[in-house]
Every structure is written in structure tokens, then in C-alpha cells.
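Colleague: Pasting a structure below so you can have a look.
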Amino acid sequence: MARAVVTVPPRAKRGEIIEIRTLVGHRMETGFRHDNLGRSIARDILTQFVCTYNGTEICRAELFPAISANPLFTFTTIAVESGTLEFKWTGDNNFVLNETASITVE
Amino acid sequence: MIASVVLLLVAGFLPASSGAEMAPEDRRSGYEFMSAQTRAMQDDEAANPATLWLLDGEALWIRKDGRADVSCAHCHGDAATTMKGVAARYPSFDPKLERPLDLEQRINACRTDAQQAAPFAFESRELLALTTYIARQSRGLLIQINVDARLQPFLDRGRNAFERRQGQLNISCAQCHDQYWGRKLAGNPIPQAHPTGYPLYRLEWQSVGSLQRRLRNCLAGVRAAPYPFGAPELVELELYLMWRARGMKIETPAVRP
């Protein structure tokens, strides 16, 4: 049940600084752990997060094994025009998750 | 070495329990022992990782399942109204089985009886999601366990388990949570053990978990053999703890360190 929760203000004034929050469900298995029989547990993490605003990249993050499960990102941008924010998480084992949110700028 | 000797001496000389009930005004939710950052994470659903389970639970509520091919919503309708207050009165006595069931067991009983589906495994993603979703409908309501003559013996056994010394450390739940709450165990504050926010997201677990998981952790912590999930002993302890927390607000889904 791959899932993300994205919080974007539905409307904003032009030039206003807006806060964007993304919470994504992922176990972020480090690859450094072993099970109760001593077998290594394969790494399974998110490796990249990208957010675009009407096609322009506004945030990019690389993720590593030390990051907790279910990573939360909070970042800001300037509301320049109405449109769509696209969020994309990619990771090990061909993990891809896309989410979109729209914003109206007045 | 010195620390463990001190712990043994302390555990050896103190009575297993004072036996006195904590006054209602002295009771504190685990929330009050947390840092401002962890509180903020619990209060904001956009930052609370348990929201992921909550949304899964909402999807499961309307998903048809089992040989009967019906969803929870088919019988129970809108959870926001029908499930409001339910979590605040569990564990609750089941007349058919003649013993109390906790919320997880109640959901599984409904799955096997009404939906004719296989029960969810304890601590499975599905069971935690559905339990979180149902308990969320009681957020802010007061815990109210109605103890009648049928439930009384189970409550008494739960209280006995809480006050009984156990494990290789030979200490009781009450010694930590009634006598030493607010002090530190290793670097962490000892809370009063009021289960107001279950199922909850524990940062240590990196996941949502049930009260039974927490109880099994505590049992392992005092070097006692934990009861298996679903054991009557755990349900009795859950019942006692919820009764002990009566009148406190449900916080589900809570976040704890």
C-alpha cells in the first residue's frame, strides 16, 4: 500500500512564500541489518525525491540508508502562478510513486 | 555494575505496590512527557506518520472482503458516526465467548463472522490500519470502561498482573509506572502507562504498533517471557490499563518516542 500525503495550500497570493509538506510511506530498510537467523536483509530505500512546479524543478533530495522510515520533507517555494506541483519518489526495487497537487495563485 | 547492584537493592526493598489508586488530577498522558517536537508531530496530521495507516484503514473500511463479499461499511455505515466512542470502551465483554476482547480481536471476530474472511494477523499492516482508523473516530472522547460483574474477574486479574513482580529483574509494572513515573530509565522519562493513544506511531519502531506490542516490549524489558499476541493475559492487562485511564482523552493515532 504505497502511499504519500502531500500538503500544499490550495490558494496563495502572487509572490507569497508557501510551505509544502510531503509524507511518504516507505520502510527504508538500511541493508545493514540481519534477521534472527543471521541472514542479511537486502537494502530497500528511497533514493531520490523531486518536486516540480509547472515543470520547473523546485526541490530535489537524495536519500541514504540513515534516513528514517516514512520520510517527511518540508520545504518552501514562492507562489508564482496557478498550476500543478508534481512529486516523484524513486527508490530500490524499481520503486516509483507520483503525486500531484494544484494551487491557485491570485 | 554499580548501577545494576543499586537497581537490585531498590527493587528488593520496595514493596511491589502501594496498592493505592492514583488520584485523577495526578494522571498524565505520555504526551506530557514528550519533547515539543514530538508533540507537534502528533498534533499535525500532515506530519504524523500514522496518517499513512489511517488512510489505509479508511480504504479497508469500504473494501468488500470474504465469502460474504461485504465491507465494514456495508453493516456499519459511516465510521465517523457509528464508530465514534467505540475505542473508548474497549476491551469489552463478549457474551458469546464469555471473555473480554480488545479492538483488534473485535475486528477479527467481525471478519470471521460477518465477512466470513480469514482474520488478519496480529500486527499486520491491515489490522493496524483498520484499528487505527476505527480508534481515530474516538479521538478527544473520554475513556469509559463499563465494568460489570462479568468483567470484574478479568479486571482483577489484569490488576494483579500489573502489581505482580515478574521476570529476572523481579519488578512489577506498578513499581515503574505508579512509583517512579517522571523519573528516568536510562535516558528516557518513565510515563504513567496510560494507553490513551493506541494504536500509535513509535519512532523507535518506525511504525504503528498495538498496545499488545508495547506490553510485550515491557515484559521483555523486565526479562520476563512475553505472552503471545492475543493471549488472555495481555487482554486482561489492556483492560486494567484502560480502566485505570478512565476519564482520560483518546489521542489515537498518537506519536511516542
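Colleague: For segment A:22-60, which residues satisfy the criterion of being charged (D, E, K, R), over 11 Å from A:F87 (Cα atoms) and either open to solvent by 30 Å² or more (accessible area, probe 1.4 Å) or at pLDDT below 95 (or both)?
Modeller: Within segment A:22-60, A:R27, A:R33, A:D35, A:R39, A:R43 meet the criteria.
Colleague: Looking only at segment B:27-44, filter to residues that are free of Cβ contacts under 8 Å to residues at least 24 places away in the same chain and more than 20 Å from the chain's Cα centre (by Cα); which one of those is nearest to the other protein chains (Cβ to nearest Cβ)?
Modeller: So the residue we want is B:D44.
Colleague: Here are some residues: A:T52, A:T90. Which one is under 29 Å from B:E126 (Cβ atoms) and β-branched (V, I, T)? Explain how you work it out, then say what you get.
Modeller: Numbers: A:T52 fails: under 29 Å from B:E126 (Cβ atoms).
Just one listed residue meets the conditions, A:T90.
Colleague: Then there's this: Residue under question is A:A101, and the condition is that it be farther than 30 Å from B:E204 by Cβ, within 14 Å of chain B (Cβ to nearest Cβ), more than 10 Å from the chain's Cα centre (by Cα) and touching a residue at least 24 places away in the same chain (Cβ under 8 Å); does it hold? If you could, list the steps in order and put the result at the bottom.
Modeller: Values: farther than 30 Å from B:E204 by Cβ: yes; within 14 Å of chain B (Cβ to nearest Cβ): yes; more than 10 Å from the chain's Cα centre (by Cα): yes; touching a residue at least 24 places away in the same chain (Cβ under 8 Å): yes.
Considered against the rule, which asks whether it is farther than 30 Å from B:E204 by Cβ, within 14 Å of chain B (Cβ to nearest Cβ), more than 10 Å from the chain's Cα centre (by Cα) and touching a residue at least 24 places away in the same chain (Cβ under 8 Å), A:A101 comes out as yes.
Colleague: Any residue at all in segment B:114-131 that is modelled with pLDDT of 95 or more, in contact with a Cys (Cβ under 8 Å, 6 or more places away or on another chain) and within 22 Å of B:I250 (Cα to Cα)?
Modeller: Scanning segment B:114-131, I find at least one residue that is modelled with pLDDT of 95 or more, in contact with a Cys (Cβ under 8 Å, 6 or more places away or on another chain) and within 22 Å of B:I250 (Cα to Cα), so the answer is yes.
Colleague: Moving on. Just a yes or no: is a residue in segment B:94-110 farther than 28 Å from B:M248 by Cβ and not assigned by TED's automatic domain parsing to the domain that holds B:N217?
Modeller: yes
Colleague: Which of the residues spanning segment B:48-86 are away from every other protein chain (no Cβ under 14 Å) and touching a strand residue (DSSP E or B) at 6+ places or on another chain (Cβ under 8 Å)?
Modeller: B:K64, B:S71
Colleague: OK, next. Keeping to segment B:182-193, report how many residues are assigned to a loop (DSSP other than H, G, I, E, B), under 22 Å from B:P24 (Cα atoms) and more than 18 Å from the chain's Cα centre (by Cα).
Modeller: 2
Colleague: Let me ask you something else. Taking helices (runs of 4 or more DSSP H) that do not extend beyond segment B:45-90, which have at least 3 residues that are under 11 Å from B:R136 (Cβ atoms) and touching a residue at least 24 places away in the same chain (Cβ under 8 Å)? Please lay out each step first, then the result.
Modeller: Working: elements: B:51-61, B:72-76, B:79-82.
The qualifying helices (runs of 4 or more DSSP H) are B:51-61.
Colleague: Determine which member of the set A:P71, A:P9, A:P65 is within 14 Å of another protein chain (Cβ to nearest Cβ), over 19 Å from B:P49 (Cβ atoms) and not hydrophobic (A, V, I, L, M, F, W, C).
Modeller: Criteria check complete, one pass: A:P9.
The values are calculated or read from the model by the stated rules, or taken from the named source; none is laboratory data. What you are looking at is a predicted structure, and each value in this text was computed from that prediction instead of being measured. For neighbour counting, all protein chains shown are included, and Cβ atoms are generated from backbone atoms with ideal geometry for every residue, glycine included. Areas reflect the complete protein model, heavy atoms only, side chains present, ligands, DNA and RNA absent. Shrake-Rupley method; radii C 1.70, N 1.55, O 1.52, S 1.80 Å.
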